[in-house]
Amino acid sequence: MARRETHIEQLTKPSSEVRVFVPSQRPPTPLLVALDDGSAEQGETWRIRTESFTIGRKEGDAVIHHDPSMSSRHATLVMSRTAKGCRWVLEDSKSRNGTFIRMRRVPLRHLAVFLIATTRFQFRCADERQAVNDPDLEMTLVAERSRPPVTAELCCLHADGSKTSVPLDGELNWLGTDPKMCRVVIQDDFANPRHALLKKEANGGWWLEDADSVNGIWLQVNRAKLSGDSEFRLGEQRFRFLLGPKSQRESS
């Protein structure tokens, strides 16, 4: 008797055309990574399954005991639902040393504070008529008693409380370790020779731009909306916030 063979027709699509399952009835689960020292990707990871997630040295959902520059309850990640899905915001909890978010390009306002590598600066400018207001970004503006300068200047805030001011001359002011290329010279082992640019636009507004540096520029904020792949710094600890499939983050 002849053997009968059964042919099963493959009804499924090739694996290359099929999307990996993603839940649609609940918000996506973000990942929070406390980056290992010297790493831009690897570190301790938390999956955030609540609408609020607190980070601190003594209290919170993620506790970083060994960082003395981090406050006991330093900052909180907060989710809110919108018509388009959900949004995540990083909020400072009145911390002692501030919350900093890594930026590629950002408009500056009078008294805004930012980090270049490990060096802290404050931007000062009397003319704010052209300042850009971003509803998704609330900068920390550190008040002071002295009058604002007639022209824009950059103050280096030293650890002992003293300041060194440099007037911003012209439209392009480079920051970095190389005195031949930079208007503002930084003595910092983690800064690039030409690290960032302070640029005055035609309308009078000032912008800070990263120059593809290794360690980036970090703006001090009270509150900031987080993208699908964001980095922020609390004390000396750097964090990475990841939301959504990797393919979506890479295309955003």
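The values are calculated or read from the model by the stated rules, or taken from the named source; none is laboratory data. Here the structure is a predicted model, which means the values were calculated and not measured. Cβ: placed from backbone, ideal geometry, glycine included. Neighbour counts: every protein chain shown. Only protein heavy atoms, including side chains, enter the accessible area calculation; ligands, DNA and RNA are left aside. Shrake-Rupley method; radii C 1.70, N 1.55, O 1.52, S 1.80 Å.
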Out of (1) in contact with a Pro (Cβ under 7 Å, 6 or more places away or on another chain); (2) part of a strand (DSSP E or B), what's the single condition that is false for His110?
-> (2)
Given the conditions (1) open to solvent by 40 Å² or more (accessible area, probe 1.4 Å); (2) on the phi < 0 side of the Ramachandran plot, and given that Lys94 satisfies all but one, which numbered condition is not satisfied?
-> (2)
Members of the stretch 213-223 found to be in a strand (DSSP E or B), more than 14 Å from Arg109 (Cβ to Cβ) and open to solvent by less than 20 Å² (accessible area, probe 1.4 Å), listed by number = Ile217, Trp218
Among the residues of the stretch 159-198, which ones are more than 27 Å from Ser69 (Cβ to Cβ) and free of Cβ contacts under 8 Å to residues at least 12 places away in the same chain?
-> Pro179, Lys180
Conditions (1) under 15 Å from the mean Cα position of the chain (by Cα); (2) loosely packed, with under 14 Cβ neighbours inside 10 Å; (3) among the hydroxyl-bearing types (Ser, Thr, Tyr); number of the one not met by Ser80 = (1)
Here is a list of conditions, (1) closer than 14 Å to Met103 by Cα; (2) of a type in the set (Val, Ile, Thr); (3) in contact (Cβ under 8 Å) with a residue 40 or more places away in the chain, and Val214 meets all of them except one; can you say which number that is?
-> (3)
Can you give me the number of residues within the stretch 37-50 that are under 22 Å from Glu91 (Cα atoms), in contact with a Leu (Cβ under 9 Å, 6 or more places away or on another chain) and open to solvent by 60 Å² or more (accessible area, probe 1.4 Å)?
-> 3
